[in-house]
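S.K.: One structure, pasted below without further comment.
The values are calculated or read from the model by the stated rules, or taken from the named source; none is laboratory data. Just so you know, these numbers come straight off a predicted model, no measurement behind them. Here the Cβ positions follow ideal geometry from the backbone for every residue, glycine too, while neighbour counts run over all protein chains shown.
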Amino acid sequence: MSNGQLEIKAISGHRGGTPGGGEYDQPNGKKHTGATRDYDVCKLVDVTTCIGCKACEVACLEWNGYEFRETTFNDTYQTMPDTAWNFWNLIKFNEVEKDGEMQWLMRKDQCMHCEEPGCLMACPADGAIVQYTNGIVDFNQANCIGCQYCVTGCPFNIPKFNAETKKVYKCTLCSDRVGAGLEPACIKSCPTGCLHFGSKEDMLDLANSRVTQIKRETAHKNAGVYDPPGIGGTHVIYVLHDKDKPEQYGGLPKDPTIPFFVKMWKGPLKWLGGIGMVLGVAALFGHHVRYGPKSLHDGDEGRGKAQ
Amino acid sequence: MSDDNVVVSHGTDLRKGEIVRYTLKERMCHWLSAVSYVYLLLTGLALFTPYLYWIAYVLGGGPTVRFWHPWVGLVFFVIQMWMHSMWSSQMKVTDQDLDWSKTLKAYVTNRDEQVAPAGHFNHGQKQFYWIMYYSTLVLIVTGVLMWFPELVSLKAHGLMPVVIFLHCTAALFTIGAFLIHVYMGVVFVSGGLQGILWGHVPISWAKAHHRLWYEKVKSEDRSRISSSEF
């Protein structure tokens, strides 16, 4: 997205700096290294007021130009078991028991737009994944090579591979709309006010006041905000009935982190490997300069005998 | 030199005072292995670090590299198995190899008169072989899993990071071994390169660097030595 309001913050598989430049303090206290003033955007999903109407699913397809794909009936209202390369927004329906009573839980599943994105860390292709300074993590299919390392790096199982195009796709948080000053399509379509969009600061305020209200007025005394710190927080946050049981909302991980071996591979192994190769070549050159090649012919008979 | 001085043995032209170091089949196998390895090395490095991603552009672009790397990997694996069928029996480490390794420092510093005699392959070459062999096994298993991650991701999603980590680690081991191997063959051991290129080396070279092998050939397989020696 070449829009003035979308400044790139991080680029996958990229050496050197990012476009933009200049550093200043943002109103929210964060350092920003872009050319324009920007704030972190955030989507708030209040699962306590979701009615499972799936308007957001349709709006997502409409805006992004995908046809409604084949659905799967699984004894639930859920459209299909999981998000797909051309189906980025899925309401997950779950029935759980609490204190002998049934709870029908609905959660809008989509890319969480991590502050520290595992997909971007894992990606080897220059510019296939970018993170904008407003927090949106976006895939650029033109640069994608289809290795699916991003799938490995993602703690939420979001990037989906299209075997035909050999590219990976996911929710863009409607970066094209946000870049033009609009809210994402799903937000626009929500009839209950379950979805909100704004700055991360505002959304956290809104989420916390909603949690206070739920605790005061309902039996959900353990309500809370889902903004997992293991990945630096996310730019999609939830209000949950029970903040200690995110798993019951259809596989929302309790404490998501970038997999340990992805961090090892992209951290120490990459640097040790690189340094090792350079030092190795240097050492061999040094050896050559010190000792030179073995001579071919002198002392034929003397060679190879232990003295 | 006129033609009647040339003897053809094991697909190798021998002239006066020469011995067959590698047969034509061995040389073919080695160079097919080398060419496929270099392709895998370059494309693998492109995907390993952003500082070398430009190699992907040179070799046809990221998607092209992602397409061919696994196929060439498969070819490399098959060639390695072929090589194993030819060489594994010669790669067994012997007591004489351990004696040779005790004089490794003298070998590395060109104090060759103090170096213990070696067979067809010295202990260093054997170690290189086994590093490449076992790394290849790790690389092919992890590589196939990485080839079609969409087919295994559901069951092994939590394992894929380990798989990729192992693939990179094994590759780094081969790179270390490969750098030393190329240095030894091209720069350090004069005359070694011609043996693996054209198959023949001077008898004096064989005596100097692989004396035990030379003694064995002399007593057991005279077809490898140019007849004018006898």
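S.K.: Return the only residue of A:Thr79, A:Thr72 being free of Cβ contacts under 8 Å to residues at least 40 places away in the same chain and either within 12 Å of the chain's Cα centre (by Cα) or surrounded by 21 or more Cβ atoms within 10 Å (Cβ to Cβ) (or both). First the steps, then the outcome.
M.R.: Values: A:Thr72 fails: either within 12 Å of the chain's Cα centre (by Cα) or surrounded by 21 or more Cβ atoms within 10 Å (Cβ to Cβ) (or both).
None of the others qualify; the one that does is A:Thr79.
S.K.: Here is a list of conditions, (1) within 30 Å of the chain's Cα centre (by Cα); (2) surrounded by fewer than 17 Cβ atoms within 10 Å (Cβ to Cβ); (3) away from chain B (no Cβ under 14 Å), and A:Ile237 meets all of them except one; can you say which number that is?
M.R.: For A:Ile237, the failing item is (2).
S.K.: Would a scan of segment B:83-93 turn up a residue that is in contact with a Lys or Arg (Cβ under 7 Å, 6 or more places away or on another chain) and closer than 30 Å to A:Asn143 by Cβ?
M.R.: No, segment B:83-93 contains no residue that is in contact with a Lys or Arg (Cβ under 7 Å, 6 or more places away or on another chain) and closer than 30 Å to A:Asn143 by Cβ.
S.K.: I've got another one for you. On the given criteria, is B:Val141 touching an Asp or Glu at 6+ places or on another chain (Cβ under 8 Å) and either surrounded by fewer than 19 Cβ atoms within 10 Å (Cβ to Cβ) or in contact (Cβ under 8 Å) with a residue 40 or more places away in the chain (or both)? Working first, answer last.
M.R.: Details: touching an Asp or Glu at 6+ places or on another chain (Cβ under 8 Å): no; either surrounded by fewer than 19 Cβ atoms within 10 Å (Cβ to Cβ) or in contact (Cβ under 8 Å) with a residue 40 or more places away in the chain (or both): yes.
Taking the combined requirement at face value, the residue does not satisfy it.
S.K.: Just a yes or no: is a residue in segment A:243-255 buried (at least 19 other Cβ atoms within 10 Å of the Cβ), in a helix (DSSP H, G or I) and either facing another protein chain (nearest Cβ under 9 Å) or of a type in the set (Asp, Glu) (or both)?
M.R.: Taking every residue of segment A:243-255 in turn, none turns out to be buried (at least 19 other Cβ atoms within 10 Å of the Cβ), in a helix (DSSP H, G or I) and either facing another protein chain (nearest Cβ under 9 Å) or of a type in the set (Asp, Glu) (or both).
S.K.: Would a scan of segment A:193-201 turn up a residue that is surrounded by fewer than 20 Cβ atoms within 10 Å (Cβ to Cβ), touching a residue at least 40 places away in the same chain (Cβ under 8 Å) and more than 22 Å from A:Ala55 (Cβ to Cβ)?
M.R.: yes
S.K.: Which of the residues that make up segment B:175-212 are without any contact (Cβ under 8 Å) to a residue 60 or more places away in the chain, small (Gly, Ala, Ser) and within 16 Å of B:Asn110 (Cα to Cα)?
M.R.: The answer is B:Gly185, B:Ser190, B:Gly191, B:Gly192.
S.K.: If you go through segment B:118-167 one residue at a time, how many are basic (Lys, Arg) and at pLDDT below 95?
M.R.: Total satisfying the criteria: 1.
S.K.: What is the number of the single condition among (1) in a helix (DSSP H, G or I); (2) farther than 24 Å from B:Thr43 by Cβ; (3) within 14 Å of another protein chain (Cβ to nearest Cβ) that B:Ser88 does not meet?
M.R.: Unmet condition: (3).
S.K.: Would you point out which residue out of B:Thr103, B:Thr94 is within 14 Å of another protein chain (Cβ to nearest Cβ) and polar (S, T, N, Q)? Break it down stepwise before answering.
M.R.: Values: B:Thr94 fails: within 14 Å of another protein chain (Cβ to nearest Cβ).
It is B:Thr103.
S.K.: Can you tell me which of (1) crowded, with 19+ Cβ neighbours inside 10 Å; (2) in contact with a Ser or Thr (Cβ under 9 Å, 6 or more places away or on another chain) is the one B:Asp97 doesn't meet?
M.R.: Going through the list (1) crowded, with 19+ Cβ neighbours inside 10 Å; (2) in contact with a Ser or Thr (Cβ under 9 Å, 6 or more places away or on another chain), B:Asp97 breaks only (2).
S.K.: Can I ask one more? Test of understanding: among B:Ala208, B:Ala171, which residue is within 9 Å of chain A (Cβ to nearest Cβ), modelled with pLDDT of 95 or more, part of a helix (DSSP H, G or I) and buried (at least 20 other Cβ atoms within 10 Å of the Cβ)?
M.R.: None of the other options fit; the residue is B:Ala171.
S.K.: Step by step: first the residues of segment A:33-51, then only those that are at pLDDT 95 or above and surrounded by fewer than 18 Cβ atoms within 10 Å (Cβ to Cβ), then the one that is farthest from A:Tyr132 (Cα to Cα). Which residue is that?
M.R.: Here the residue is A:Ile51.
S.K.: When the residues of segment A:257-286 are filtered to those that are outside any helix (DSSP H, G or I) and crowded, with 20+ Cβ neighbours inside 10 Å, which remaining residue is nearest to the other protein chains (Cβ to nearest Cβ)?
M.R.: So, considering only residues that are outside any helix (DSSP H, G or I) and crowded, with 20+ Cβ neighbours inside 10 Å, the one nearest to the other protein chains (Cβ to nearest Cβ) is A:Pro259.
S.K.: Suppose the filter is more than 9 Å from every other protein chain (Cβ to nearest Cβ) and over 22 Å from the mean Cα position of the chain (by Cα); does B:Trp130 pass it?
M.R.: no
S.K.: Hey, does segment B:160-167 have a residue that's in a helix (DSSP H, G or I), without any contact (Cβ under 8 Å) to a residue 12 or more places away in the chain, surrounded by 17 or more Cβ atoms within 10 Å (Cβ to Cβ) and among the aliphatic types (A, V, I, L, M)?
M.R.: yes
S.K.: Pick from B:Leu74, B:Leu42, B:Leu47, B:Leu32: which is touching a residue at least 60 places away in the same chain (Cβ under 8 Å) and outside any loop (DSSP other than H, G, I, E, B)?
M.R.: It is B:Leu74.
S.K.: Among the residues of segment B:107-115, is any free of Cβ contacts under 8 Å to residues at least 40 places away in the same chain, under 30 Å from A:Gln141 (Cβ atoms) and within 14 Å of chain A (Cβ to nearest Cβ)? First the steps, then the outcome.
M.R.: Step one: list which residues in segment B:107-115 are free of Cβ contacts under 8 Å to residues at least 40 places away in the same chain, which gives B:107-111, B:113-115.
In the following step, the residues that additionally are under 30 Å from A:Gln141 (Cβ atoms) were identified as none.
Checked against the condition, which is being free of Cβ contacts under 8 Å to residues at least 40 places away in the same chain, under 30 Å from A:Gln141 (Cβ atoms) and within 14 Å of chain A (Cβ to nearest Cβ), segment B:107-115 yields no hits at all.
S.K.: Counting only residues that are under 12 Å from B:Gly199 (Cα atoms) and touching a Ser or Thr at 6+ places or on another chain (Cβ under 8 Å), how many does segment B:23-55 have?
M.R.: 2
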